[in-house]
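Asks: Can you read through this structure? Questions will come right after.
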Amino acid sequence: MATTEPQIDFTSPAFKKNPYEILANMRRQNPVAKISLPGDRTGWLVTRYEDVETLIKDPRLSIDIRDVYPPEVIQAVFPFGEVSEGLLHSMVFSNDPKTHSRLRNLVSHSFTPRYIETWQGRIQNIIDEIINQLPEHGEIDLIREVAFPLPMIVISEMLGIPVEDREKFRDWSNSYVDSLGNPAAAQAIIGDMAEFQQYLFELIEAKRANPSDDLLSKLVSTDVEGDRLSRQELIGMTLLLVMAGNETTTTLISSAMLTLFQNPEQKELLKQNPALLKPAIEEFIRYQGPLLNLNDRWAVEDFEYKGQQIKKGESVYLCVASANRDEERFQNGNSFNVQRSDLQRHVGFGLGMHYCLGAPLARLEGVIGLHTILQRLPEIRLAVPEEELTWRPSIITFALEKLPVRF
Ligand code: HEM
């Protein structure tokens with residue numbers, strides 16, 4: 001097995017433009033590969049489906065950085081006061097099953113498929129209003145005008161974030177996500193994050209003073225068997241739900257549309273047979289999902305895996321974008337086919353204890369959003385040559401910056 005250090009830069013435009021050939025080579029030649037990361041760090045990239053599936057359950061890896069580094073080191077990587085602390089203490093970064101299920105149980109009833117179905121009519125109204133504001137024909141950035149507002153309005157309404165604050169919230173949370181794993185980018189947004197923190201303090205206080213029917217008001221006043229969420233936990237939960245739910249769902253819709261522009265016969269099929277959209281969501285996520293990698297998993301001890309020596313403190317990236325194209329698992333993994341028979345097996349929503357809490361919501365928004373775009377903008381097509389599209393510079397997400405379309 002190769003032990004060289006490939007210079008993979010996940011954040012580079014060249015890699016994001018066409019990662020699949022590089023990832024296929026890695027699956028073949030170097031499936032557990034040492035890689036260079038921003039900030040002179042090294043880590044591991046795991047590209048085969050079977051290894052992603054195995055390592056996600058491996059207790060020698062933790063999703064909680066606090067299991068491997070002391071507070072002063074963590075503070076340097078996550079320097080945003082209670083914004084960072086809140087997120088680090090949120091369910092997605094809890095490795096301890098008891099802490100994790102305590103936090104997840106507080107909100108899980110709001111994300112069950114059955115409860116999410118009650119949002120169907122409202123989601124349809126929101127996307128209809130968004131499309132009503134567009135001209136009959138024209139050119140827009142589909143992300144800015146359609147794919148971003150839909151999930152942002154939905155989660156803001158669920159949580160009770162005021163309408164006028166939503167754009168600010170989007171900018172803060174996008175810059176936070178882009179800075180993850182990139183210390184230089186993190187330093188550049190310290191001031192913005194201090195404002196974000198202040199905003200969250202005030203929002204929580206406003207909900208305490210004037211509770212209404214939204215999820216955040218409920219969380220602020222939740223008292224399950226004497227268990228109350230601290231301010232830090234409330235900040236963590238709010239941020240997690242907004243960050244985990246927005247950009248990913250925006251990207252689901254924009255990447256799905258790009259995939260349809262690249263596969264016009266599949267676009268026609270979905271236009272003619274809207275019932276296929278529900279299963280198609282799984283294929284969109286498998287073929288070009290919103291995430292490149294799962295969140296960092298940290299080695300809590302030195303160990304050997306498939307001949308590689310993984311050292312305590314190193315981060316391991318479980319590459320879902322690669323696993324979801326693994327030909328060992330998916331026949332013709334590099335072709336997009338909404339009628340394939342192995343749709344449900346993708347790992348784009350993760351696996352195990354941290355399996356995406358918001359999957360039912362993401363699926364419903366995806367189906368309604370894409371259906372409405374295809375029916376109401378039937379002439380929709382790319383407005384620029386595909387080579388001009390650019391991707392956001394994140395290690396974890398795989399998201400277009402803009403999607404200019406004509407209709
Ligand atoms: C297509 C859209 C989405 C994708 C692809 C996606 C993907 C994922 C993945 C892969 C994980 C596991 C992360 C890991 O193990 O490192 C995850 C966790 C999570 N997602 Fe999503 N997600 C999406 C939409 C949403 C939405 C709409 C929400 C809620 C509003 C949401 C809330 C969460 C939460 C709270 C977690 C943490 C769960 C836990 O730790 O138990 N996600 N998501």
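The values are calculated or read from the model by the stated rules, or taken from the named source; none is laboratory data. Computed from a predicted model, the values in this text were never measured in an experiment. Note that each Cβ is placed from the backbone with ideal geometry, even for glycine, and that neighbours are counted across all protein chains shown. Calculation scope for accessible area: heavy atoms of the full protein, side chains included, ligands and nucleic acids excluded. Shrake-Rupley method; radii C 1.70, N 1.55, O 1.52, S 1.80 Å.
Asks: Which whole-number value in Å² is the accessible area per residue of the chain, probe 1.4 Å?
Replies: Here the per-residue accessible area is 43 Å².
Asks: Taking R0 as 41 Å, what FRET efficiency do you get between Ile22 and Asn210 from their Cβ-Cβ distance, rounded to the nearest 0.05? Write out the running numbers ahead of the final one.
Replies: Details: r = 52 Å, r/R0 = 1.27.
Between Ile22 and Asn210 the formula returns 0.20.
Asks: Right, here's the next one. Which whole-number percent is the relative contact order of the chain (Cα, under 8 Å, 6+ apart)?
Replies: In percent, rounded to a whole number, it is 27.
Asks: Also, quick follow-up: Using per-residue counts of other Cβ atoms within 10 Å, averaged over each peptide, order 209-221, 375-387, 394-406 from highest down.
Replies: Ranking, from highest mean packing down: 394-406, 209-221, 375-387.
Asks: Quick check on my link table: of Lys267/Lys402; Lys57/Lys402; Lys34/Lys57, which ones sit more than 26 Å apart, alpha carbon to alpha carbon?
Replies: Beyond 26 Å: Lys57/Lys402.
Asks: If we sort 288-294, 41-47 on the protection proxy, mean other Cβ atoms within 10 Å, highest first, what's the order?
Replies: Highest mean packing first, the order is 288-294, 41-47.
Asks: Same structure again: Please give, to one decimal in nm, the separation of the simple spin-label points placed at Gln124 and Glu379, each 7 Å out from Cα toward the Cβ.
Replies: The modelled label-to-label distance comes out at 2.7 nm.
Asks: Rounded if a/c is under 1.5, else prolate if a/b beats b/c, else oblate: with a ≥ b ≥ c from the C-alpha gyration tensor eigenvalues square-rooted, which is the chain? All intermediate terms of the calculation are to be shown ahead of the outcome.
Replies: Numbers: a/c = 1.55, a/b = 1.04, b/c = 1.50.
It is oblate, given that a/c is not under 1.5 and a/b is not larger than b/c.
Asks: Only loop residues by DSSP count here, and only those with at most 12 other Cβ atoms within 10 Å; note down the chymotrypsin sites (Phe, Trp or Tyr not before Pro) in the stretch 312-385 that meet that. Don't skip to the end; give the middle numbers.
Replies: Working: sites: Tyr317, Phe330, Phe336, Phe349, Tyr355; in loops: Phe330, Phe336, Phe349, Tyr355.
Qualifying residues, ordered by number: Tyr355.
Asks: Right, next: Taking only DSSP H segments of four or more residues, each worth -39500 (n - 2.57), what value at 222 nm results for the chain once the sum is divided by all its residues, to the nearest 500 deg cm²/dmol?
Replies: Helix-only estimate at 222 nm: -15000 deg cm²/dmol.
Asks: If each residue of separation counts as 0.36 nm, what is the full-extension length gain between Ser335 and Arg60 once their alpha-carbon separation is subtracted?
Replies: Contour length minus Cα-Cα distance gives 95.5 nm.
Asks: Can you find, among Ala383, Ile63, Thr112, the residue farthest towards the positive end of the dipole of the chain? Put +1 on the C-beta of Lys and Arg, -1 on that of Asp and Glu.
Replies: The Cα lying farthest towards the positive end belongs to Thr112.
Asks: Please compute the contact order of the stretch 237-379 in relative form: average sequence separation of alpha-carbon pairs under 8 Å and at least six residues apart, divided by the residue count, as a percent.
Replies: 28
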